[in-house]
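Participant: Take this structure first; my questions come after.
The values are calculated or read from the model by the stated rules, or taken from the named source; none is laboratory data. Here the structure is a predicted model, which is why all the values come from computation and not from measurement. Quick reminder, even Gly has a Cβ in these numbers, built from the backbone with ideal geometry, and neighbours come from all protein chains shown.
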Amino acid sequence: MHIAELASRDCASRRYFMRRTALFSLGVGLSYTQLANAQTAPKKAKALIYIFNRGGMSHLDTFDPKEGEALMGKTTAISTNVAGIRFGDKFEKLAKHADKLAVINGMMSFNAEHERGTYQMRTGYNRIGTISHPTVGPFAERLLGKPSGQILPASVLVGESTSNAGYLDPKYSPLPIADPSGGVPNTTLLTETERFDKRMSIANKLGEQFVAKYNYAGPKSYVEYYDQATKLLRSNELSAFDLTGESNREAYGMTRVGQGCLLARRLVEHGVRVIEVINDGWDMHVGVDQGFADKGPQLDQAVAALLEDLKAKGLLESTLVAVATEFGRTPEINFNAGRDHHSIAFSTLLAGGGVKGGQVWGKTDKQGKKVVEGKVMPEDWVATIGYGLGINLQETIFAPNGRPFTFSDKGKPVTQLFA
Amino acid sequence: MFYASSRFAHRLAATLVAVASLSSVHARVWTSADGRPLAAEFVALQGENVLLKIAGGRTIPVPLARLSKADQEAAGRFAILGDDTATMRSAKMIDALLAKNLVKGGIRSFNQPLPDDLFARRVYLDIIGRIPTREEFQSFAENSRPDKREALIDELLTEPGRASHLFNYFADMFRLNGNADFAPGQRAEPYIQWWKDEIAKNTHYDVMVREMLTANGNIGQNPASGFLLRDAGMEFDAFSNFGQIGLGVDLSCAQCHDHPFADWVMSDFYEMAAYFGNTQRTMGQYAVADSMGMKRATMPNAPDGWVDSFRKFAQTKGLNLEDPDASRPFNFFVNNALGWNIADNATMDHPVPTTVGEIGGQVFKPRPIVGDKPGTGGKTRREALAEWLTAKDNPRFALVIANRMWSRAFGRALLEPVKDFPLEWAKATGQPEVTAFVAEEMKRVNYDLREFMRILYNTKAYQTYATAAEPASTQNYLFAGPVLRRMRAEQAWDSFMLLAHGEQIDEIKGRDGSFYKELLNVNFEKDSFEAIWSKYEAFKQNRGRGYGSTMILASESGSLSGVEPDVPKLGNLELIRASEMVQPAPGASLVDTFGQSDRIITDQHTYDGSVPQVLALMNGSITDRLTGPTSKVVEDLKSLDAEEDKVRGVFFTILSRFPSDEEQAMGVEMLDSYGDDGIRDLAWALINSPEFLFIQ
């Protein structure tokens, strides 16, 4: 396919064509292929719940506590249900699930600025000014497809009011749900159903002629989208977004992250492959203790409830749960009793979806400043998620401008995290 | 490298001779009030007279009052837009060149001419970015003057909506973002407003580009500096974007490796980028060593030591610079707001990033990637670049913008993608003659985009039905007419605003950045520290509101204060045109949902549908406003009695066309059965039939 495509490009220079041909026919790319074979996950997860703690979540106060160090501030370390694994004291509930968790304390990146850091942790690529990369959901759908007949989208972004698919076709854009308890916007009919149906049938009738007159994809696609929207409105699938009937709503916590995780679980049950839950509020330059008193238990409760719930419903083995942030925070506590941006050491979590629980990957120095063992870069992290979803990390796709891309920027998955 | 265009210039010359004989025929025939004709070109309005150039080249004054009413109006339009002789000649030339290719391609002629109703809808949307009101539509439909189409095009070209709509196009192309993107917290409203102002004044495009490329100072001192400041810290990406915008070549591959598909090598990229090599964009990029050997940041364009002196002054005002909380806004004001500031700095250079292969760390000398190297004689690198780029013999600049403007009118460019087409472009288009011609026309009109669009809108090719079947590829498309297009997000939004609030939306101004511009507009040489301190205080006061960047400078003189713009609202929704909203529009707004660019990458607007889009059209608050209990559509039709008129009125209002007999009958039946509710249902159905979103 590559060769045919390259040959058909009128601007393709012979130089490049020759080079690529050599690559494919002379076996220069052999090691590449071998690598690809080695990187297919044995047991792939069917779904991903990616909880992203935006703002920069401190590693010292969460999953990489440094016992007895002055820089810990008010945070103390507590033991978990796995010997040797210790968490910050705000994570009592999660401590009971350490046996399900792979803790990664070797995260590091070179982006200490929020937007770039977030971008890299969500796409596996550095943010640049010339192309926009897709996040995990759209990329996974592009490579793995969407089950036919599924009414709900393949990916949902909870906690944001807008989304995009980067350089991919916009049809891959995740459905944005700004408020996890608010449901899908504009799904309440303006009139009673009967009148809506009448209006819709007139609209269809009026549209028919127009659509027949022009043989273009555009108007036809709108007919299709009206059809999908009407199906959605008539289906029971919208109930996936209705949290009111959930008996264990309180168990997740009546917080945005709690309800976001609950919504995510419901969406997994309805066949959505990737759900990102954005959890804001971690940029604790001022008063890290107050900040953690608030955000820590919210996250603790939400993730613990999610793991329990998935387990109880038999979904944990097929659902990869990832908890991350754009960077960590300085071990030193600043003038304002806060911690500042610190990208060269931070922590993330993985659970479910074939992940081997009860392990810690990577290690920072005594003060949590630098990674000394098991370094994982953002592209490796995203590649690890892709590996868990059974994505072929070597598969090349082309952006509309002809640039070739793979899932995550040459990231190496940490395969040891999986059973 | 650009022999292509000269090869066609030759063929073109022959065709031009053939058409030249047409042109003398075209001079406008003016008619006196008593019906006598006079073939003449418009020269100028002078008091009560219009100066006309008659055969033989003599200019004579003719009292306006002696001309027919239509010609008096024409003189008024021409006073702004200029005479139309050359315009019409050029339009005919385009038609002739296209027609020749059509015949060669086996098609006998252009698509069927557009009927008046569809013509009106299209030019309103294309020129001023919204559908016509029912009254505007009707007055055009009922007008029987033979030159009414040309007159409407001219009229719309002088309306404020033209600037709003063209702004949206450039906002996408130049990635205009209120948030400075790569410089978190910085705001760019004064730069965005500069774009709107220059477009409204119809400043020629080459002039704007030169201003942006050569700007010095911060966005308060010189708003055009926003172009280079936008990517401070991402200089090489900025250059990649510049290549796409200015030259229609995407060099981004060559930023990290030799270009895989074109013949660009990395040194091409870095030699070209070196034109910005000593462009300093922030304070931090220019540190000087003090007497102790410590690096000390210096304010660009300010006397040496200005920052230190101003910091000392701040201390006399009681600011504790040691207290990070207290000094944070002050530091942001100095280092970021004022210090986001362009200067040429001969002592600095941007070496190739060390992550880039074997050439990492090298510094390249400037050299253009096409054409000859410009002389530098006393000019700065950026001045030399700007001159080279906009020179008449630059092989790409006119071509790129002409091709883009063509695409705005016809829905397809002559060369696609517009930001990256081959150097030997003539092979990449099915229309090399027209392409060469319009590029030359762009130069002839001196990059006056309003005049250029006037030419295109007056072509026969433009004034036809959209081609019925989607062309498979641009390369083979014969332009028998425009292609069917979906409205841009901003066109859809502005049309809804029109339906919800009437044509006054064209006049409502939103966030002009004037307050922020005033805060940052300091004269480092002349302004007293006291005066600059008071600007800082106003800046700090608005810390929680983007430092006042979206406010309007209060008109009372003397005090420095900003006010929120006074705009009409529907609940929380501001009823203003997309160009007047924060740029880009907030997520979850209809503008965003319909695909407005996020303004991070060039030309990122999308035209695709989506489920959230149609849900908003079915059930959103704007649809409710138009079809609900307080329907503006129903209210506006109150004055009409006959059901037939009401039905026609709904079609005029929403689709700007006459209903077919069948549609009319269906509408009347709905009104018969349901009264005003029938109108609401019909309006809802028209908004939700795909036709509404498309430009035929």
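Participant: If the requirement is being aliphatic (A, V, I, L, M) and within 23 Å of B:D598 (Cβ to Cβ), which of these qualifies: A:A165, A:A212, A:A203?
Facilitator: The conditions single out A:A165.
Participant: To continue, here is another question. Hey, among B:N241, B:N216, which residue is facing chain A (nearest Cβ under 9 Å) and modelled with pLDDT of 85 or more?
Facilitator: B:N241
Participant: Does B:F658 count as in contact (Cβ under 8 Å) with a residue 60 or more places away in the chain and assigned to a loop (DSSP other than H, G, I, E, B)?
Facilitator: When the stated conditions are applied, B:F658 passes them.
Participant: Of all residues in segment A:179-218 being in contact with a strand residue (DSSP E or B) (Cβ under 6 Å, 6 or more places away or on another chain) and at the interface with another protein chain (Cβ under 9 Å from one of its Cβ atoms), which is nearest to A:E160 (Cα to Cα)?
Facilitator: A:G218
Participant: Which of the following residues is aromatic (F, W, Y), touching a residue at least 40 places away in the same chain (Cβ under 8 Å) and either buried (at least 24 other Cβ atoms within 10 Å of the Cβ) or farther than 22 Å from A:Y387 by Cα (or both): A:F91, A:F87?
Facilitator: From the options A:F91, A:F87, the qualifying one is A:F91.
Participant: Still on this structure, please answer the following. So is B:I601 surrounded by fewer than 23 Cβ atoms within 10 Å (Cβ to Cβ), outside the structural domain of B:Q193 (by TED's automatic domain parsing) and at pLDDT 90 or above or not?
Facilitator: no
Participant: Find the residue count for segment B:619-655, including only residues that are within 18 Å of B:Q491 (Cα to Cα) and either facing another protein chain (nearest Cβ under 8 Å) or part of a loop (DSSP other than H, G, I, E, B) (or both).
Facilitator: Within segment B:619-655, residues that are within 18 Å of B:Q491 (Cα to Cα) and either facing another protein chain (nearest Cβ under 8 Å) or part of a loop (DSSP other than H, G, I, E, B) (or both) number 2.
Participant: Next up: Of the numbered conditions (1) within 30 Å of B:A585 (Cβ to Cβ); (2) more than 12 Å from chain A (Cβ to nearest Cβ); (3) buried (at least 23 other Cβ atoms within 10 Å of the Cβ), B:R486 satisfies every one except a single condition; which is it?
Facilitator: Tallying (1) within 30 Å of B:A585 (Cβ to Cβ); (2) more than 12 Å from chain A (Cβ to nearest Cβ); (3) buried (at least 23 other Cβ atoms within 10 Å of the Cβ), B:R486 fails exactly one: (2).
Participant: Here is a further query. Taking segment B:217-245 as the search range and keeping residues that are among the hydrophobic types (A, V, I, L, M, F, W, C) and part of a loop (DSSP other than H, G, I, E, B), which one is surrounded by the most Cβ atoms within 10 Å (Cβ to Cβ)?
Facilitator: Once the filter is applied, the top-ranked residue is B:I219.
Participant: Let me ask you something else. Determine, yes or no, whether B:L449 is buried (at least 21 other Cβ atoms within 10 Å of the Cβ), within 20 Å of the chain's Cα centre (by Cα) and either farther than 30 Å from B:R210 by Cα or not polar (S, T, N, Q) (or both).
Facilitator: In short, yes.
Participant: For segment B:182-216, name all the residues that are closer than 22 Å to B:L338 by Cα, acidic (D, E) and crowded, with 22+ Cβ neighbours inside 10 Å.
Facilitator: The answer is B:E189, and nothing else.
Participant: Mind telling me which of the residues B:F594, B:F515 ends up being within 13 Å of chain A (Cβ to nearest Cβ) and aromatic (F, W, Y)?
Facilitator: B:F594
Participant: In segment A:239-252, is there at least one residue being within 14 Å of chain B (Cβ to nearest Cβ) and hydroxyl-bearing (S, T, Y)?
Facilitator: no
Participant: Name every residue in segment A:298-334 that is within 14 Å of chain B (Cβ to nearest Cβ) and surrounded by fewer than 24 Cβ atoms within 10 Å (Cβ to Cβ), in order of residue number.
Facilitator: Hits for segment A:298-334 are A:T330, A:E332, A:I333, A:N334.
Participant: With of a type outside the set (K, R), modelled with pLDDT of 95 or more, over 10 Å from B:Q583 (Cβ atoms) and touching an Asp or Glu at 6+ places or on another chain (Cβ under 8 Å) as the only criterion, which of B:N168, B:N202 stands out?
Facilitator: Going through B:N168, B:N202 in turn, just one is of a type outside the set (K, R), modelled with pLDDT of 95 or more, over 10 Å from B:Q583 (Cβ atoms) and touching an Asp or Glu at 6+ places or on another chain (Cβ under 8 Å): B:N202.
Participant: In segment A:212-231, what count of residues is obtained for those that are of a type in the set (A, V, I, L, M, F, W, C) and crowded, with 20+ Cβ neighbours inside 10 Å?
Facilitator: 1
Participant: Turning to a different aspect of this structure: Go through segment A:237-272 and count every residue that is basic (K, R) and touching a Pro at 6+ places or on another chain (Cβ under 9 Å).
Facilitator: Total satisfying the criteria: 1.
Participant: Next question. Kindly list the number of the only condition in (1) modelled with pLDDT under 95; (2) away from every other protein chain (no Cβ under 14 Å); (3) buried (at least 19 other Cβ atoms within 10 Å of the Cβ); (4) under 22 Å from A:N401 (Cα atoms) that fails for B:V370.
Facilitator: (3)
Participant: Restricting attention to segment B:564-597, which residues are part of a loop (DSSP other than H, G, I, E, B) and of a type in the set (V, I, T)?
Facilitator: B:V567, B:I576, B:V582
Participant: In addition: Residue check: is B:I679 touching a residue at least 40 places away in the same chain (Cβ under 8 Å), assigned to a helix (DSSP H, G or I) and surrounded by fewer than 23 Cβ atoms within 10 Å (Cβ to Cβ)?
Facilitator: No, not satisfied.
Participant: On to the next question. Could you pull out the residue among A:I151, A:I131 that is surrounded by fewer than 23 Cβ atoms within 10 Å (Cβ to Cβ) and at the interface with chain B (Cβ under 7 Å from one of its Cβ atoms)?
Facilitator: A:I131
Participant: Check B:A409, B:A391, B:A413, B:A468 and return the single one that is closer than 23 Å to B:S109 by Cα and surrounded by fewer than 18 Cβ atoms within 10 Å (Cβ to Cβ).
Facilitator: B:A468
Participant: Scanning for something buried (at least 24 other Cβ atoms within 10 Å of the Cβ), polar (S, T, N, Q) and closer than 30 Å to A:N336 by Cα, does segment A:108-118 turn up at least one residue?
Facilitator: no
Participant: Sort out which residues of segment A:157-178 are out of contact with any Ser or Thr (no Cβ under 9 Å at 6 or more places or on another chain) and more than 8 Å from chain B (Cβ to nearest Cβ), and write them in order of number.
Facilitator: Within segment A:157-178, A:V158, A:G159, A:L168 qualify.
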